[in-house]
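Here the structure comes first, spelled out in structure tokens, and everything after it is commentary.
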Amino acid sequence: MTGATSPGDRLSITDSRTGTVYELPIQDGTIRAADLRQIKTGAGDFGLMTYDPAFQNTASCRSQITFVDGDNGVLRYRGYPIEELAAKRSFLEVCYLLLQGELPTADQEAQWVDEITHHTFIHEGIRKFIDGFHHDAHPMGMLVSVVGALSTFYPEAKDIHNPETRHKQIVRLIAKMPTIAAFLYRHAAGLYYAYPDNDLRYTGNFLNMMWKGTELKYKPDPVLERALDVLLVIHADHEQNCSTSTMRLVGSSQADPYSSMAAACAALYGPLHGGANEQVLRMLTAIGQVSNVPDYIRRVKAGEFRLMGFGHRVYKNVDPRSRLIQKVAEEVFEVTGPSPLLDIAREIERIALEDEYFIGHRLYPNVDFYSGIIYLAMGIPVEMFPVLFAIGRTPGWLAQWEEGLSDSEQKIGRPRQVYTGPEPRHLPD
Ligand code: ACO
């Protein structure tokens, strides 16, 4: 979020090295880093730069897609509050909203759903590619490779300046991600691949590809189908996070969308990002029982490890997605039965929210804290959690990628550095 500014607002900077005063325009609560380059000590000086490791205070783009106000726990896609979208709209409608800027009309939605539904199958070559992985390969490692490999199946995707070509790849990626995800699961489980059922909705079809057994037609549980839809909506975009920034950065080199999205998937794999819900589950399992929670919290406070699923770079008050997820969890457990891990999670939350360390550090449950428990209750194995996150985040990545490509201010991304290595030196004669 940026502070309110009016046209004509200026920042006055006095350089103590030279005594020179500079007036820099302030726009949308920012100054342009390039404006600092005029601040020099002399002709040979490169000019002032900002130093911002981990981009904690640098806006890298202007975006119309997602608004996050971390202090007030606000998340909006194209202006609509996440709570309203999660309650009233499907994941595919939200995909359309993120990509097109508006919710679809009934006709547009029918056409969009039809388009997605008819691109759910994957090339048999991709199936064979998946077959080549070792049985215990991590699904995210496989996902990174398979998404990247799609670029070799659709070489026309390189034509990134053609809107129709872009649209085709966007449809393919949204449509095929659940199929790829389910195939990765089935491969690891040693099960036959269940092909898409085009009679089912997006999430129902995913459940079909995951769980279909010997029955002729798989019938998804409507509560689980809807719960999954809400989870995907909640994960659909989150502005310039690690994986989205990766997508934009790789995309800025004009790589095709499959290569860019493979890089985004790789960024999401990390335990501090999309891998966190997997880590939450491992943590809850390691804690084992509710009575062990206080000792675990003590060790977190002693700095032995972090409480996974707590804390967020942006939300320092409440993560609005975690509130929605709690509601979904209750609905899911009505169908699947209660989870003992949920009791441990609730105890952690209860203790942490009253504890000075967590209050002082402004650490609250994030979106990953409950999502893992829900996925586990649905029967989805822990290693697959970040893959589900990736399915949800696909429209966000693609919307941000397209926005970056059409932004005339953008060029190939290339941060600067402060060199701290050796002074010039020479090899001995
Ligand atoms: N448990 C305990 N202490 C924590 C935690 C945590 N989960 N998170 C942050 N802290 C502490 C740090 O030790 C640090 O303390 P100090 O100032 O006394 O040294 C302080 O809070 C600030 O921590 P930073 O790492 O600087 O905060 P940052 O904003 O960079 O980190 C992050 C955000 C990565 C999410 C962090 O809170 C974390 O590691 N959480 C656990 C992993 C997690 O749940 N990730 C999912 C994020 S949501 C998502 O990606 C969808």
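Taking label points 7 Å from Cα along the Cα-to-Cβ direction, GLN27 and LYS327 give a separation of 3.9 nm.
Sort TRP112, TRP397 so the one with the fewest other Cβ atoms within 10 Å of its own Cβ comes first. Could you put the intermediate results ahead of the total?
Details: TRP112 19, TRP397 29.
So the residues, fewest neighbours to most, are TRP112, TRP397.
With the Cα gyration tensor of the chain giving a ≥ b ≥ c as the square roots of its eigenvalues, does the rule (a/c under 1.5 for rounded; else a/b larger than b/c for prolate; else oblate) give rounded, prolate or oblate?
Numbers: a/c = 1.70, a/b = 1.35, b/c = 1.26.
Since a/c reaches 1.5 and a/b is larger than b/c, the shape of the chain is classed as prolate.
Highest first, please rank the peptides 285-297, 414-426 by the mean number of other Cβ atoms sitting within 10 Å of their residues. Show your work: numbers first, answer last.
On the way: 285-297: 14.4, 414-426: 6.5.
The densest-packed peptide leads the list: 285-297, 414-426.
Working note: 222 nm ellipticity from helices only, DSSP H runs with n ≥ 4, each -39,500 (n - 2.57), summed and divided by the residues of the chain, gives -16000 deg cm²/dmol to the nearest 500.
For the residue pairs LYS88/LYS219; LYS128/LYS212; LYS158/LYS217; LYS40/LYS316, alpha carbon separations beyond 30 Å are given by LYS158/LYS217; LYS40/LYS316. With Cα atoms defining each centre, segment 377-399 and segment 95-122 are spaced 19 Å apart in the structure. Shown is the FRET efficiency for ARG362 and ALA110, computed with R0 = 41 Å from the Cβ-Cβ distance and rounded to the nearest 0.05: 0.35.
To the nearest ten degrees, helix 242-252 and the longest principal axis of the Cα atoms of the chain are 70 degrees apart.
Relative contact order, percent, of segment 10-55 when contacts are C-alpha pairs under 8 Å separated by at least 6 residues? Present the calculation step by step, with values, prior to reporting the outcome.
Working: 49 pairs, mean separation 11.2, N = 46.
Dividing the mean separation by the residue count of segment 10-55 yields 24 percent.
Which of the three applies to segment 276-377, rounded, prolate or oblate, going by the alpha-carbon gyration tensor with a ≥ b ≥ c and a/c under 1.5 meaning rounded? The shape class here is oblate.
Shape of segment 10-55 from its Cα gyration tensor (a ≥ b ≥ c, root eigenvalues): rounded if a/c is under 1.5, otherwise prolate when a/b > b/c, or oblate? It would help to have the intermediate numbers written out before the result.
Values: a/c = 2.15, a/b = 1.27, b/c = 1.70.
It is oblate, given that a/c is not under 1.5 and a/b is not larger than b/c.
Between the alpha-carbon centres of segment 171-185 and segment 325-352 there is a gap of 28 Å.
Measure nothing fancy, just the Cα-based angle from helix 222-235's long axis to the longest principal axis of the chain, in degrees from 0 to 90, nearest 10. In the chain, helix 222-235 runs at an angle near 10 degrees to the longest axis. Between the helical axis of 385-405 and the longest alpha-carbon principal axis of the chain there is an angle of about 40 degrees.
Each peptide among 369-381, 147-159 gets the average number of other Cβ atoms lying within 10 Å of its residues, and from highest to lowest they stand as 369-381, 147-159.
Every number here is computed from the coordinates shown, using simple stated rules; none is lab data. These numbers come from a predicted model, not from an experiment. We place every Cβ from the backbone using ideal geometry, glycine too, and count neighbours over all the protein chains shown.
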